[in-house]
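Bear in mind that the values in this text are calculations on the coordinates, not laboratory data. All values derive from a computational prediction rather than experimental measurement. Cβ: placed from backbone, ideal geometry, glycine included. Neighbour counts: every protein chain shown.
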There are 2 protein chains.
Amino acid sequence: MSTTATKPLRIGEVAELTGTTARTIRYYEEIGLLPGAEDRAQGKHRAYGEADVERVREIIRLRDLLGLSLDQLAVLLDAETARASLRRELEHTEDPAEIRGLLEQALGHIGTQLELVRMRRLALGQLEEELVAKRRRIHKRLSELPEG
Amino acid sequence: MSTTATKPLRIGEVAELTGTTARTIRYYEEIGLLPGAEDRAQGKHRAYGEADVERVREIIRLRDLLGLSLDQLAVLLDAETARASLRRELEHTEDPAEIRGLLEQALGHIGTQLELVRMRRLALGQLEEELVAKRRRIHKRLSELPEG
DNA sequence: TGCTATTCTGACGTTAACGTAAGAATCAGA
DNA sequence: TCTGATTCTTACGTTAACGTCAGAATAGCA
C-alpha cells in the first residue's frame with residue numbers, strides 16, 4: 001500500500017470514506033484488486049494513504065458502472081496498477097526513452113478503459129432513444145383520442 | 001405466455017434465438033420476470049410467441065446494461081408487464097377514458113425506465129470525460145519530452 | 001402406433017462477492 | 001503501563017443466478 005505524505009489511515013476509516021466495509025477492502029486485497037503491502041508483518045494493522053482511498057473509489061465506481069466481474073476489473077485495472085507503480089519509477093528515472101515507454105504504456109491502458117466505457121455508453125444511448133421513441137408513440141396516440 | 005399468430009416456439013428455440021439457455025428462461029418464469037401461462041397443465045411443454053422472444057431479449061439487455069438485480073428488474077419491468085396486458089385490454093375496450101388511463105400509466109413506466117437509463121449514461125459520460133482528460137495530460141507530458 | 005428428440009419437474013451443485021463470528025493481537029491515548 | 005477501541009486471521013455462512021443431473025412425460029413424425 002502506498003503511504004503518501006498525509007497521515008496514514010486505517011481500514012475502518014478507508015471503508016467509511018469510500019462507503020464500503022473493511023471486509024470488502026480486505027477481500028479486494030485478497031483477490032489482487034488492491035496492492036497489499038508486502039512488508040506488513042503478520043497481525044499488524046494495515047495502513048492506507050490518500051492514493052489508496054482514490055483507488056478504492058475507482059474500483060467501486062467501475063464495479064457499479066460497468067457490469068464486470070471483479071476478475072475482469074482486475075485485468076482492466078492493471079492499467080491503474082501499472083501506472084501507480086510506474087509513477088514511482090518515473091520519479092526516479094531520468095532516461096527520457098524509458099519515461100516515454102512508460103507513458104505510452106499508460107496510454108494503452110487508458111485506451112482500453114475508454115473503449116469499454118464508450119461502448120457501454122453507446123448501448124445505453126441506443127436504449128434511451130428507443131424508450132423516447134416509444135414514449136412519442138404513446139403521446140401521439142393520446143393526442144389522437146377523442147375528448148382531448 | 002402470449003402466443004401470437006406466428007407459429008409457437010418451444011423453450012429451446014427461444015433460448016437459441018435469445019442467446020441464453022432453457023434453464024435461464026425457466027428461472028425467469030420462476031421468479032416472475034416472465035409471465036408463465038396460467039393455463040398450462042402440469043408436465044406439458046411451454047409454448048412461446050414472438051412477443052415472448054422480444055421480452056426475453058429486453059430482459060437480457062437491461063440485465064447486461066444496467067447493473068440491477070433480477071428482483072429490481074422485475075420491478076422495473078412491471079412497466080412492460082403492465083403494458084403487455086394492457087395492450088390486450090386496449091384491443092377490447094372502446095371507452096376513451098379508460099384508454100387514456102392505460103396510456104398514461106404506460107407513460108409513467110417508460111418515464112421510470114428512462115430516468116434510470118439516463119442517470120447511468122450521464123455517469124458513464126462523466127467517467128469518459130475524466131479518462132479523456134487523463135489521456136490528454138499524458139500526451140502533453142509526452143510532447144514535452146526531449147528528443148521528440 | 002412406435003420412436004426419438006426435446007422438455008418437464010424436482011433437487012442438489014456451483015460460483016462470486018461478500019457477511020458474520022470468535023478469539024487473539026495491535027494501537028492510541030490517559 | 002494499562003485499557004478500550006479497532007483490527008487481524010481463520011473459517012464457516014449467505015444469496016443471487018443460474019448449471020447439472022435423473023427419471024418420467026410429451027411432441028412431432030414416419
| DSSP-assigned coil residues among GluC sites (Glu not before Pro) in the stretch B:112-144, each with at most 11 further Cβ atoms within 10 Å | B:E144
| Between Rg and the Kirkwood Rh of the stretch B:1-71, both from Cα atoms, what is the Rg to Rh ratio? | 0.95
| said: Test of understanding: what is the full-extension gain from B:E30 to B:D64, defined as 0.36 nm times their sequence separation minus their Cα-Cα distance? | reply: 10.3 nm
| remark: With a Förster distance of 41 angstrom and the Cβ-Cβ distance between A:R137 and A:E16, calculated FRET efficiency to the nearest 0.05 equals 0.30
| query | Taking the Cα-to-Cβ direction at B:A123 and at A:H92 and moving 7 Å from each Cα, how far apart do the two end points lie in nm? | reply | 3.8
| remark: In order over the stretch A:66-75: 3J(HN,Hα) from phi, Karplus 6.51/-1.76/1.60, θ = phi - 60°, whole Hz, x for each Gly or Pro, gives 8, x, 8, 6, 5, 5, 5, 4, 4, 4
| remark: The base-10 log of I(q)/I(0) that the Debye equation returns for chain A at q = 0.13 Å⁻¹, one scatterer per C-alpha, is -0.73
| task | Tell me what the protein assembly as shown gives for mean residue ellipticity at 222 nm when only DSSP H runs of n ≥ 4 count, each as -39,500 (n - 2.57), the sum divided by the residue total, rounded to 500 deg cm²/dmol. | result | -23000 deg cm²/dmol
| Do any GluC sites (Glu not before Pro) in the stretch B:1-81 lie in a DSSP loop with no more than 13 other beta carbon atoms within 10 Å, and if so, which? | B:E38
| said: Taking each pair of distinct Cα atoms in the protein assembly as shown once, what is the resulting Kirkwood hydrodynamic radius in Å? | reply: 23.3
| What aspartates and glutamates sit close enough to A:K140 to cross-link, taking a C-alpha to C-alpha distance under 18 Å and skipping anything fewer than 8 places away on the same chain? | A:E129, A:E130, B:E91, B:E94, B:D95, B:E98, B:E104
| remark: As straight-line cross-link partners of A:K7, the qualifying lysines (C-alpha separation under 27 Å, not fewer than 8 residues apart within one chain) are A:K44, B:K134
| said: Mean-square fluctuation check for chain B, GNM, Cα pairs under 10 Å: which of B:A37, B:A47, B:A123 is largest? | reply: B:A123
